[in-house]
Each structure stands twice: as structure tokens, then as C-alpha cells.
């Protein structure tokens with residue numbers, strides 16, 4: 001039974017408060033839903049009873065706290081309840097709910113305390129941001145029952161771990177209208193992200209109005225057509241449709257103001273010295289060759305960059321910044337600095353003269369000169385620069401902040417040099433990557449970043465001591481829009497992984513727990529649906545691990561994180577599914593297809609899992625590699641080469657072994673001399689991803705491991721994608737099988753990323 005009554009008026013002797021007067025009721029019925037705030041507060045306890053707001057509730061506020069804080073709360077209150085929350089400015093010292101600025105009681109910047117009891121709702125905060133974040137927690141706790149908004153009793157004490165909590169959005173590859181950007185800013189604010197990194201210029205489009213250079217609007221903001229499918233496909237296909245758009249300065253001002261009202265700093269990125277094709281298309285004199293250039297129609301890295309030997313380049317960029325800076329009050333300006341090929345600089349007389357005149361060692365130091373020159377200009381305007389970790393090449397400029405994306409090494413190096421760093425490594429926090437390995441997933445960037453991987457990322461590495469760790473200012477997730485052509489596609493990539501990032505950025509390492517996070521995420525789902533967020537719902541699907549048993553066999557473990565669920569599986573030849581006793585099961589597969597489904601209350605939930613196995617004589621055998629695989633293509637052991645699972649064409653499943661510039665030289669020990677008549681291996685060829693076929697592939701066999709006989713060689717690998725090498729040989733007696741692949745080495749002139757090291761990608765050495 002619900003008893004409604006007005007609480008008694010209280011008198012508060014303070015002038016630093018907001019005085020909203022809410023009319024609510026106490027609900028005596030216990031809460032049945034798991035309470036959940038994201039990011040997880042430092043401390044939180046919940047009661048079993050709830051407040052229930054009446055219709056037409058009224059809020060009164062004083063002059064000490066910005067009305068903007070309440071505007072946002074009112075927006076959500078209306079979205080959730082359908083009712084308006086009236087707000088009236090008042091200096092009366094009475095309230096049934098109040099917001100208090102109290103830096104003595106809440107000492108941490110952006111910190112707050114939220115109390116909901118049978119007597120009042122109170123938010124005390126260190127500062128305005130703390131008031132705002134307390135209201136966001138209150139918003140997340142709001143639920144509607146029988147048309148009434150209710151909030152559980154609670155005591156919450158909270159503050160962020162990192163001062164910089166960022167989310168990046170690329171609008172150059174695909175342009176998103178201001179309304180969509182504002183919607184995402186609302187969601188960033190709801191989950192206490194305080195920085196919006198806006199990637200505004202790149203090869204595929206210039207997205208901000210610069211009045212001094214009108215051709216940036218008429219030429220650079222548009223491309224003739226857009227690639228269809230993935231960049232790795234060959235030949236490239238295009239849709240033949242002109243595409244583009246840009247934000248006027250008035251639209252930028254409006255979005256920045258909108259974000260500021262939600263305690264979000266907007267940091268613009270104006271890319272330099274690379275990723276400049278769109279700008280060069282309009283102003284070709286800024287390039288090393290003078291063009292002609294065209295705004296890029298496909299994704300990747302391009303040799304044509306700003307000419308570092310041309311003073312007009314710096315005049316142009318400084319003039320651009322003169323129009324950008326008044327639009328963005330942020331302390332930081334992001335100037336890119338990543339993926340700048342030096343090919344054109346090496347052949348450019350002006351760039352070579354600059355190297356000579358400035359007594360620079362090479363083109364890497366020329367890049368440092370470029371960044372340093374722009375940094376000095378921005379410093380003169382009272383701003384500081386952020387750059388991607390390539391700005392470390394040639395030496396860091398004095399005040400630069402490093403955004404570490406290629407890995408964690410850049411952030412570590414910057415911190416050790418006492419430079420501020422923001423951690424944003426692609427293999428952990430790139431949200432344009434796949435979040436599921438199911439084949440039904442829509443086209444994405446290429447890597448694999450499931451929700452759990454984002455959540456478990458730790459920005460402070462063990463390589464940094466206590467003093468150095470202070471220079472890690474925060475963490476950011478990045479969303480590149482090559483494969484996000486619509487707001488709906490973008491939202492599916494961003495959510496719910498952005499919520500995991502929010503908890504990484506806000507909550508302490510010791511206060512994180514993935515199972516608990518999932519409970520709170522499920523509690524959040526009605527709110528996301530109410531806000532029309534097209535969030536992915538794949539995080540409870542089956543995930544797997546293929547491991548080696550003690551007797552060198554293959555074990556397949558299937559798991560789901562859905563509470564109360566069971567897994568049913570079926571192997572090739574089985575007549576029916578076998579149901580597990582829990583949400584995890586381990587089986588020993590055989591050749592053929594394994595299927596799995598998640599069952600909740602006896603009904604299938606989500607999509608069907610599938611994995612194919614191919615068994616052969618080398619399964620689980622010892623493999624010795626002369627050269628070690630590198631980067632993201634080093635699974636950490638050699639079992640993946642002989643586990644019966646083939647790597648997919650998406651190369652993101654941890655099955656592929658990659659050798660950057662190095663040859664493949666692998667020896668499989670079968671354990672005893674056996675008859676061998678068929679050998680195989682898979683080779684991945686995607687020139688548009690720097691993945692090249694070997695110039696020569698050979699198989700050799702031996703009985704003693706010392707003397708080898710070549711039994712097969714191949715030089716032609718015609719398929720763009722997976723080349724399945726299957727060699728039928730004259731039957732041999734062998735214990736050892738050696739496979740050698742000669743790396744292409746340096747990518748030749750005229751090819752994509754010429755001059756870079758080629759990747760040799762291999763998987764599954766088969767012996768029969």
C-alpha cells in the first residue's frame with residue numbers, strides 16, 4: 001500500500017544552495033530491481049523503500065547554482081515520466097529537496113553526495129559539476145511505476161578517478177547532423193563523461209566552416225563518391241554518389257554551448273601535417289607537388305600531406321586556428337600528428353631545404369618542427385596542444401600532451417618524460433571495432449573489442465612509478481566513422497561500450513567488477529530504450545575459448561554472462577542439443593561444426609553460435625618459431641597454429657599470426673615418425689591492410705630435425721583474402737614438418753603504404 005503525504009517544511013541556514021520543492025510520497029513496498037548507477041560510485045547503499053513523485057512537481061532554486069544543472073534533469077524527468085517539472089527561481093530558505101555546494105564536506109573536485117530518505121532528497125557537492133553529476137545519478141535511479149516516478153532510498157558518496165574522461169567522434173568519414181551530436185552529448189553527460197573530442201578534418205572531408213577559406217566549404221567538405229564495403233576489398237567499389245557536409249560556425253557555437261551546459265568540454269581536432277587531402281583539394285599550393293588533389297573517397301593513409309617547407313602552409317593553418325579558437329574555449333586543441341607518411345617530404349625540395357636550414361636530422365625531426373611551430377602559435381593564444389602518439393617521433397615539443405592510440409607505449413614514454421598523457425589504445429577502447437565475432441555482425445573497423453575488454457582496461461600500467469603515473473590524466477574511447485554511415489549504426493557501435501569506458505574513467509580500479517557492471521547495465525537498459533538509443537544487445541551472447549588440454553587435445557569452453565541461463569550445444573553428427581547445467585560448458589570437439597544457443601527458461605535468447613573444427617595429425621603438437629609474431633597478431637603461444645580452428649577473413653579472432661617484415665620459419669614436431677602425404681597452411685592477403693603474400697612458401701620434412709628435404713613450394717597466391725594452401729605430396733616418413741614463408745619485406749613503390757614493412761599473416765599448419 002502506498003501512503004501519500006507532504007513532508008514538513010524545513011528551514012536551512014545557508015545561502016549556498018538550490019531550493020527545489022518536490023512533492024513526493026513514500027512507497028513502503030520493497031524494491032525488486034537491482035539498483036544500478038553507471039559509473040559505479042565510490043560508496044553506495046540502497047534501502048528497500050522509495051520516494052514516488054507526484055505529477056506537476058515544482059522545483060525552486062537560488063542564485064548560487066546554475067539553472068543549467070536543473071534544465072538537464074528536467075529534460076530526463078519529462079522523457080521518463082511524460083510530466084513536466086516546474087522550476088521557479090526563489091530565494092526562500094525552504095525545501096523538501098535541496099542541492100548544496102559544500103566543498104568542506106565534499107573535498108574532491110566533481111564529487112557529490114546523494115541522500116534519499118524518508119525526510120528529504122539532498123545533493124551536496126564540491127562544485128557545480130558535482131551537483132550536475134549527482135543529478136545524473138538521481139536520473140539513472142528514476143523509474144516509472146503506475147505512471148509515477150520513484151527513486152529508491154540511498155546514501156551515495158562519489159567522485160571521479162580521472163579528471164579527463166573522454167569520448168571521441170570522427171565526423172570526417174561520415175557526417176552527423178547537429179541533432180545527433182547533441183543526443184550523444186546528452187548521453188555522455190548522463191554517464192559522467194566530461195570531454196568530447198570532435199575530429200573535424202581528415203582526408204575524406206573538412207567539416208568546419210572557415211570563412212577566410214570558402215573553398216573548404218565548397219570543395220573540401222565533399223567527396224565525389226564513397227567506397228562500398230571494407231577497405232581491404234580489392235578491387236575497391238564505389239557508390240557514385242557525392243557526399244559531404246559541414247558545420248557552420250553558428251552550429252559549432254550552439255553545440256559547444258550545449259555541451260558546456262552539461263559540463264562537457266569540447267576539444268576540436270584539426271588534423272596536421274598528415275590526413276590533409278581534403279584541404280589540399282581546395283588549396284593545392286599547400287602540398288609538396290602542387291596537385292591536383294581530390295578529397296579521398298576511400299579509407300586509409302595517403303602520401304600527400306601538408307608541405308612542411310612552405311611558409312604558406314603555416315599561414316593557412318594559423319588563420320584556420322584564428323577562426324577555430326573563438327568557437328572552442330577549451331584549454332586543449334588537438335592537432336592530430338598521426339599517420340604522416342614522409343614520402344613526399346623526402347622528394348620535396350622545400351622540405352629538404354627546411355631540414356637543412358633548421359639543422360634537422362631527418363623527416364621525423366621535420367615533423368617535430370612542424371608540430372612545435374604550431375604549438376608555439378597556439379601557446380601564444382593561451383592554448384595547449386594534444387597530439388596522437390606519433391608526435392613523439394623526432395622528440396616531443398615542450399608542452400605537448402600525448403594521446404596514446406597505437407598502444408600504451410606512447411603514453412608511457414610521455415609520462416616518463418613528465419608530459420601529460422591520455423590513454424586511448426586502439427586494441428582496448430576503439431569502439432568502431434567489432435564487439436562480437438558472430439558472422440551476422442554489421443561491417444565494422446576490423447579489430448575485436450567486446451564490452452568486457454573495454455571494461456577491463458586499466459590506464460595506469462605497472463611500468464610507471466607513482467610519480468610518473470600522475471601524468472596519466474585520463475582515458476578516452478575513440479569512434480572512427482568509416483563504417484558508421486548513419487546515427488543508428490554509430491549508436492550500435494558506441495553503446496553500451498561507452499558505458500564501460502565511463503566506468504573505467506570514473507571508478508577506482510579496486511571498485512570495478514564486471515559481473516556487477518552487467519547487473520547495473522541491465523538495470524540501465526529501460527532508460528536507454530526510453531531515450532531511443534540503438535544500443536547493441538550482444539554482450540550476453542556465447543563467447544568461447546579454445547585451449548589445449550593436459551594430453552595435448554583441444555577443449556572448447558562456451559560461456560554466457562546472462563544470469564540464470566544455460567547453454568545447449570550440438571556437434572556435427574549429434575541428433576539433438578545437449579543442455580548444460582549452468583551458463584558454462586567445456587567439451588572436446590571433433591572435426592565439423594559446433595553450434596550453441598543460450599537458453600533462458602527453456603527458450604533461446606539471441607543468435608546461434610557456430611564454430612568449425614578441422615582435425616589433423618598436427619593438432620596440439622609442439623611448434624617452434626624462429627621469429628616471433630608481433631603486435632596484435634601475437635596470440636602469446638603457438639597452440640593457435642595447430643588447434644583445428646581456421647582464422648576468419650576478418651582477422652580479428654586471435655587465430656592469425658602476423659610477422660611484420662620478418663619471415664615465417666615454423667617447425668612442427670609430430671612426436672614420432674609418421675607417414676605424411678598432405679600439408680597445408682592458410683595465408684591472408686589484403687594489400688590494402690599491408691598484408692602481403694610470401695614471395696616463396698615451402699614445406700620441408702625431416703625424421704631427425706637436422707636434415708630436411710623440401711617437398712613442396714608455392715609462389716602464387718591469387719586470392720584477395722584467405723589463400724588455402726593444400727599440398728598433396730608423395731608419401732613421406734617424417735617426424736618434423738617445417739614451413740617457411742619469405743616475407744615481402746618493404747612494400748614496393750606504387751602500392752598502398754609504400755615503404756612500410758609488409759605483414760605476413762598465417763594460420764593453422766595442417767599435416768595429414
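The values are calculated or read from the model by the stated rules, or taken from the named source; none is laboratory data. Bear in mind the structure is a predicted one, so any value in this text is a computation, not a measurement. Reconstructed Cβ throughout: ideal geometry from the backbone, glycine too, with neighbour counts over all protein chains shown.
So which residues in the stretch 560-576 are surrounded by 14 or more Cβ atoms within 10 Å (Cβ to Cβ) and touching a strand residue (DSSP E or B) at 6+ places or on another chain (Cβ under 7 Å)?
Of the stretch 560-576, the ones surrounded by 14 or more Cβ atoms within 10 Å (Cβ to Cβ) are 560-562, 565-571.
560, 562, 565, 566, 567, 568, 569, 570, 571, listed by residue number.
What single numbered condition from (1) modelled with pLDDT of 95 or more; (2) under 29 Å from residue 610 (Cβ atoms); (3) out of contact with any helix residue (DSSP H, G or I) (no Cβ under 6 Å at 6 or more places or on another chain); (4) in the same structural domain as residue 182 (by TED's automatic domain parsing) fails to hold for residue 525?
Checking residue 525 against (1) modelled with pLDDT of 95 or more; (2) under 29 Å from residue 610 (Cβ atoms); (3) out of contact with any helix residue (DSSP H, G or I) (no Cβ under 6 Å at 6 or more places or on another chain); (4) in the same structural domain as residue 182 (by TED's automatic domain parsing), the one that fails is (1).
Tell me which of these residue 446 doesn't satisfy, since it passes every other one: (1) on the phi < 0 side of the Ramachandran plot; (2) touching a strand residue (DSSP E or B) at 6+ places or on another chain (Cβ under 8 Å); (3) touching a residue at least 60 places away in the same chain (Cβ under 8 Å).
(1)
Criterion first (surrounded by fewer than 19 Cβ atoms within 10 Å (Cβ to Cβ), in contact with a helix residue (DSSP H, G or I) (Cβ under 6 Å, 6 or more places away or on another chain) and at pLDDT 95 or above) does residue 488 satisfy it? I'd like the intermediate steps shown before the answer.
Details: surrounded by fewer than 19 Cβ atoms within 10 Å (Cβ to Cβ): yes; in contact with a helix residue (DSSP H, G or I) (Cβ under 6 Å, 6 or more places away or on another chain): no; at pLDDT 95 or above: yes.
So residue 488 fails the test.
Just to be sure I understand, how many residues within the stretch 524-536 are closer than 22 Å to residue 436 by Cβ and in contact (Cβ under 8 Å) with a residue 40 or more places away in the chain? Please lay out each step first, then the result.
If we filter the stretch 524-536 for residues that are closer than 22 Å to residue 436 by Cβ, which is where we start, we get 524-525, 528-529, 533-536.
With in contact (Cβ under 8 Å) with a residue 40 or more places away in the chain added as a condition, the list becomes 524, 533-536.
Residues flagged as closer than 22 Å to residue 436 by Cβ and in contact (Cβ under 8 Å) with a residue 40 or more places away in the chain within the stretch 524-536 amount to 5.
Would you please list the contacts, defined by Cβ atoms under 7 Å and residues six or more apart or on different chains, that run from a residue in the stretch 101-123 that is free of Cβ contacts under 8 Å to residues at least 24 places away in the same chain to a residue that is part of a loop (DSSP other than H, G, I, E, B) and crowded, with 19+ Cβ neighbours inside 10 Å?
Within 7 Å, the pairs are 107/126.
Please find, among 398, 442, the residue that is over 30 Å from residue 322 (Cβ atoms) and in a loop (DSSP other than H, G, I, E, B).
On the way: 398 fails: over 30 Å from residue 322 (Cβ atoms).
Exactly one of 398, 442 is over 30 Å from residue 322 (Cβ atoms) and in a loop (DSSP other than H, G, I, E, B), namely 442.
When the stretch 711-738 is examined, which residues are found to be in contact (Cβ under 8 Å) with a residue 12 or more places away in the chain and over 19 Å from residue 667 (Cβ atoms)? Give the derivation first.
Quick first cut of the stretch 711-738, residues in contact (Cβ under 8 Å) with a residue 12 or more places away in the chain only: 711-715, 717, 719-738.
Hits for the stretch 711-738 are 715, 717, 719, 720, 721, 722, 723, 724, 726, 728, 730, 731.
Those residues that are without any contact (Cβ under 8 Å) to a residue 40 or more places away in the chain and farther than 19 Å from residue 648 by Cβ, I need them from the stretch 598-630; list them, please.
Result: 599, 600, 601, 602, 603, 604, 627, 628, 630.
Can you name every residue in the stretch 560-575 that is out of contact with any helix residue (DSSP H, G or I) (no Cβ under 7 Å at 6 or more places or on another chain) and either within 12 Å of residue 589 (Cα to Cα) or part of a loop (DSSP other than H, G, I, E, B) (or both)?
Kept after step one, since they are out of contact with any helix residue (DSSP H, G or I) (no Cβ under 7 Å at 6 or more places or on another chain), are these residues of the stretch 560-575: 560, 562-575.
Within the stretch 560-575, 560, 562, 563, 564, 565, 569, 570, 571, 572, 573, 574, 575 meet the criteria.
Please tell me if residue 390 is modelled with pLDDT of 95 or more and either farther than 24 Å from residue 266 by Cα or assigned to a helix (DSSP H, G or I) (or both). First the steps, then the outcome.
On the way: modelled with pLDDT of 95 or more: no; either farther than 24 Å from residue 266 by Cα or assigned to a helix (DSSP H, G or I) (or both): yes.
Here the answer is no, as residue 390 does not meet what is asked.
Go through (1) part of a loop (DSSP other than H, G, I, E, B); (2) within 27 Å of residue 439 (Cβ to Cβ) and name the single condition residue 551 misses.
Here residue 551 meets the rest and fails (2).
Quick one: count up the residues across the stretch 590-640 that are in a loop (DSSP other than H, G, I, E, B) and out of contact with any helix residue (DSSP H, G or I) (no Cβ under 7 Å at 6 or more places or on another chain). Show your work before the answer.
Quick first cut of the stretch 590-640, residues in a loop (DSSP other than H, G, I, E, B) only: 590-591, 601-602, 614-621, 626-630, 634-638.
From the residues that got through so far, the ones that are out of contact with any helix residue (DSSP H, G or I) (no Cβ under 7 Å at 6 or more places or on another chain) too are 590-591, 601-602, 614-617, 626-630, 634-638.
Number of matching residues: 18.
Determine which single condition residue 632 fails, assuming it passes every other condition in (1) at pLDDT below 95; (2) buried (at least 19 other Cβ atoms within 10 Å of the Cβ).
(2)
Tell me whether the stretch 401-417 contains one or more residues that are within 19 Å of residue 306 (Cα to Cα) and in contact with a strand residue (DSSP E or B) (Cβ under 7 Å, 6 or more places away or on another chain). Quick ask: steps written out before the conclusion?
Going residue by residue through the stretch 401-417, those that are within 19 Å of residue 306 (Cα to Cα) are none.
No, there is no match, as no residue in the stretch 401-417 is within 19 Å of residue 306 (Cα to Cα) and in contact with a strand residue (DSSP E or B) (Cβ under 7 Å, 6 or more places away or on another chain).
Output the residues belonging to the stretch 537-559 that are farther than 27 Å from residue 764 by Cβ and either more than 32 Å from the chain's Cα centre (by Cα) or surrounded by 19 or more Cβ atoms within 10 Å (Cβ to Cβ) (or both).
First pass over the stretch 537-559, keeping only residues farther than 27 Å from residue 764 by Cβ: 537, 539-540.
Scanning the stretch 537-559 gives 539, 540.
Within the stretch 677-710, can you find the residues that are out of contact with any helix residue (DSSP H, G or I) (no Cβ under 9 Å at 6 or more places or on another chain), closer than 28 Å to residue 553 by Cβ and crowded, with 21+ Cβ neighbours inside 10 Å?
The answer is 679, 683, 684, 699, 701.
Wholly within the stretch 141-258, which strands (runs of 3 or more DSSP E) include no fewer than the required count, namely at least 3 residues that are assigned by TED's automatic domain parsing to the domain that holds residue 523, over 26 Å from the mean Cα position of the chain (by Cα) and surrounded by fewer than 20 Cβ atoms within 10 Å (Cβ to Cβ)? Reasoning before the result, please.
Numbers: elements: 143-145, 148-158, 164-170, 195-199.
By residue number, no strands (runs of 3 or more DSSP E) qualify.
Look at residue 674 and say whether it is in contact (Cβ under 8 Å) with a residue 60 or more places away in the chain and surrounded by fewer than 17 Cβ atoms within 10 Å (Cβ to Cβ). Even if it seems obvious, please write down each step before you answer.
Values: in contact (Cβ under 8 Å) with a residue 60 or more places away in the chain: yes; surrounded by fewer than 17 Cβ atoms within 10 Å (Cβ to Cβ): yes.
Judged against the criteria, residue 674 is a match.
If you take the residues of the stretch 416-440 that are free of Cβ contacts under 8 Å to residues at least 60 places away in the same chain and either more than 10 Å from the chain's Cα centre (by Cα) or not assigned by TED's automatic domain parsing to the domain that holds residue 388 (or both), which of them is surrounded by the fewest Cβ atoms within 10 Å (Cβ to Cβ)? Walk me through how you get there before you give the answer.
Just the residues of the stretch 416-440 that are free of Cβ contacts under 8 Å to residues at least 60 places away in the same chain, to begin with: 416-421, 423, 425-426, 428, 430.
Adding the requirement that they be either more than 10 Å from the chain's Cα centre (by Cα) or not assigned by TED's automatic domain parsing to the domain that holds residue 388 (or both) leaves 416-421, 423.
On the way: 416: 15, 417: 15, 418: 10, 419: 19, 420: 21, 421: 29, 423: 31.
This residue is 418.
Hand me the list of helices (runs of 4 or more DSSP H) wholly inside the stretch 272-349 holding 3 or more residues that are in the same structural domain as residue 247 (by TED's automatic domain parsing) and farther than 24 Å from residue 174 by Cβ.
311-324, 343-347
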